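**Student:** Here you go, one structure.
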Amino acid sequence: MLDPDAIELVHETQLMLSVINYLLVQDHLNNTNKLALMLCIKQEDGWSSNWMDNIGRQSDVPPITYLLGLLDNCSHAFPKVSQNAAGMLSLLICMDPASAFSCLDGKAFVVSTYKYFGEVFRLVHNSECMVEEYFGVVAFLNILPAVYHFGMWNEPKSSSSFNLFLASFASLLCNILYGATLGVRDYNGDADAAGLDAITDEPKDLQKFPEMGSARVFWESLLLVKDDDDDDGQSTSSNQNLPREWRIKLLHDSPRTFAVMAGIEVLGWWTSKGIDLTRAEIPITDGPSQKISEFLIEDVPRIRLLIRGLPQNEVISPYVERIVYAIMNNKKLKPKVPSPVSSLLYGPFYYDSRRCGLCHKTEKEVGHNLLSCAGGCHGLEQYCSKEHQKQDWPKHKFWCKKNATYTQYLEPPPRATEWN
């Protein structure tokens, strides 16, 4: 049994994280990002993301770095704390990815997130408890924005655990997919022949399960993407006739389906940015491990079943199927980046949150497209003008050049067999 003082400290930590997450959301909705800039200060040359290298230096350790410790150490014993930490990481990374990544150790991020995935898998895989399974889906969703940006963050890819990380992400995605289509077993496992009644993805009922109320996707405010022609906050997409809140409605009405479609989009974004999914294999309990593409081939009928049940199926189906097809063909082709308006994630996580790296103004505020850095950050940092890029270069160059030095981890070749 835990010491009462330790339990009180855990509750205080959880409350503090919840309050900061709330303030970050308000910061985002007010289009300021001031709090995010305080929590992940862009690091300059001489600072290391490994805290031991900074002993004796005058600069403070950025607060964002402590969130990795919560992911690493609290995922099993205090999952609600780790979910809050994951949500905060996602908010900070989406608001200013280049600054956030300059503060973090990419290899430590992979290890911490891999441990987090292990505990999420335990929750998602618990089909005997609806509450735990739902908490698992929410925990998966809370870390999605953070791992989405791995596509352009090279340091994590160099970790020897990165391919295990890829496999665990894909395995989680497949488990959530099966949880959302449990009714397929009533059709002898034939998802192609299954009706929409095979989809098991109802919105949460807080009257029956009030304990689910604390399971929150902390970054859902990021899903309120404004179209380019939206001046009154009541926009609909001119191309798709989608209400501005369509992503949040999908998240609330069909959380598992949202998680599956969003997870597939993450895989597509990674692939389009050069991550080789063929290096990761998912272990199977009763047979040899399988590649991610082989899993997707088996699960295409279930994915299509979920899409058929969506009110937005005409929007989501084309780009999700393109992603799945590209991954199934391994490295022969890369998925096309979806439209910011019709995508679940690209608009909210990347396109809509871009700001000048120096003055932090958005494209709408400056009145023209931002300029992307052509260096090692792969365009994660943007600027409103060449002058601002030059002024910020002394700070940005440290992480920009560092990011260019890493490549995806390549498994060492097996040792030659010694013959006697």
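The values are calculated or read from the model by the stated rules, or taken from the named source; none is laboratory data. Note that the structure is predicted; figures quoted are calculated from it, not measured. So basically every Cβ, Gly included, is an ideal-geometry build from the backbone, and we count neighbours across all protein chains shown. Side chains are part of the model used for accessible areas, which takes the heavy atoms of the whole protein and leaves out ligands, DNA and RNA. Shrake-Rupley method; radii C 1.70, N 1.55, O 1.52, S 1.80 Å.
**Student:** Could you work out how much longer the chain between Tyr66 and Asp5 gets when fully extended? Use 0.36 nm per residue separation minus the Cα distance between them, nm to one decimal.
**Tutor:** 19.9 nm
**Student:** Using a 1.4 angstrom probe, figure out how much accessible area the range 53-153 has per residue, in square angstrom, rounded to the nearest whole.
**Tutor:** On the way: 3230 Å² over 101 residues.
In whole numbers, the range 53-153 has 32 Å² accessible per residue.
**Student:** A further question on this structure: Can you flag which of Lys157/Lys291; Lys34/Lys395; Lys361/Lys395; Lys291/Lys336; Lys334/Lys390 are past 26 Å Cα-Cα?
**Tutor:** Cα-Cα > 26 Å for Lys334/Lys390; rest within.
**Student:** What does the extension gain come out to for Lys364 and Asp192, with contour length at 0.36 nm per residue minus their alpha carbon separation?
**Tutor:** Stretched out fully, the Lys364 to Asp192 stretch lengthens by 57.4 nm.
**Student:** Counting only protein heavy atoms and a 1.4 Å probe, tell me what percentage of the range 69-171's accessible area is made up of carbon and sulfur.
**Tutor:** Exposed carbon and sulfur together represent 56 percent of the surface.
**Student:** Also, quick follow-up: Cβ under 14 Å from Leu251's Cβ, Leu251 left aside: what net charge do those residues give with Lys, Arg +1 and Asp, Glu -1? If you can, show how the numbers build up before the last one.
**Tutor:** On the way: positive: Lys204, Arg216, Arg244, Arg247, Lys249, Arg256; negative: Asp201, Glu202, Glu220, Glu245, Asp253, Glu265.
Cβ neighbours under 14 Å give a net charge of 0.
**Student:** With a ≥ b ≥ c taken as the square roots of the eigenvalues of the C-alpha gyration tensor of the range 77-134, please select rounded if a/c is under 1.5 and otherwise prolate if a/b is larger than b/c or oblate if it is not? Don't jump to the answer; show the numbers that get you there.
**Tutor:** Numbers: a/c = 3.14, a/b = 2.09, b/c = 1.50.
Judged from the Cα gyration tensor, the range 77-134 comes out prolate (a/c at least 1.5, a/b above b/c).
**Student:** Within a Cβ distance under 10 Å of Ser272, other residues only, what is the Lys/Arg minus Asp/Glu net charge? Intermediate results must be reported in sequence, preceding the final value.
**Tutor:** Numbers: positive: Lys273, Lys334, Lys336; negative: none.
Summing Lys and Arg as +1 and Asp and Glu as -1 gives +3.
**Student:** Between Gln408 and Ser272, what is the label-point separation in nm under the 7 Å Cα-to-beta-carbon projection?
**Tutor:** So the two model labels end up 1.6 nm from each other.
**Student:** Something else: Compute the length gained on full extension between Ala374 and Glu321: take 0.36 nm times their separation in residues and subtract their Cα-Cα distance, giving the result in nm to one decimal.
**Tutor:** This chain segment gains 16.0 nm when fully extended.
**Student:** In the range 314-393, carbon and sulfur make up what percent of the accessible area (probe 1.4 Å)?
**Tutor:** Carbon and sulfur together cover 51 percent of it.
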